[in-house]
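Okay, so here's the structure we're looking at.
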Amino acid sequence: MVKLPYFADPANLVVVEDQPKPKPEVEDGPEGETSLELLQNVYRNRKQPLNVRVRCAVEALVHEYPKLSAVAHVDGKSFGDQLEKELRAIERSKGPLLLNGTVEELPASELKKPFSNYRRF
């Protein structure tokens, strides 16, 4: 009698119903009304692993201390004066580009002649 391979044996083709998986228990975590309070409670809890506490401390750091780049330095001038100066600069940048000061209009008779000052020799 020829024995069938494992994958072709009809006894191995019977599907056994999977047992229902137990639902995971919901863990009670630290309390906190805001995300910052939650992070602070986690990194202050000595029962938590160190890597979790450090990650929470790093995430809470941006909420606890301002970045140095966010602090304004005005040099004794009011914020309104600085803002007006910036707005005037933006308006100037929208206008025509002035390379050598003001642009003078040349008469048509001057434009019809060859430009001698632009020749190299």
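The values are calculated or read from the model by the stated rules, or taken from the named source; none is laboratory data. Because the structure is predicted, anything quoted here is derived from the model rather than measured. Glycine gets a Cβ as well: all are built from the backbone with ideal geometry, and neighbour counts include every protein chain shown.
Odds and ends about this structure:
- Boolean, SER109 is modelled with pLDDT of 80 or more and farther than 30 Å from GLU31 by Cα: yes
- Some residue of the stretch 21-39 being surrounded by 10 or more Cβ atoms within 10 Å (Cβ to Cβ), in contact with a Leu (Cβ under 9 Å, 6 or more places away or on another chain) and at pLDDT 90 or above: no
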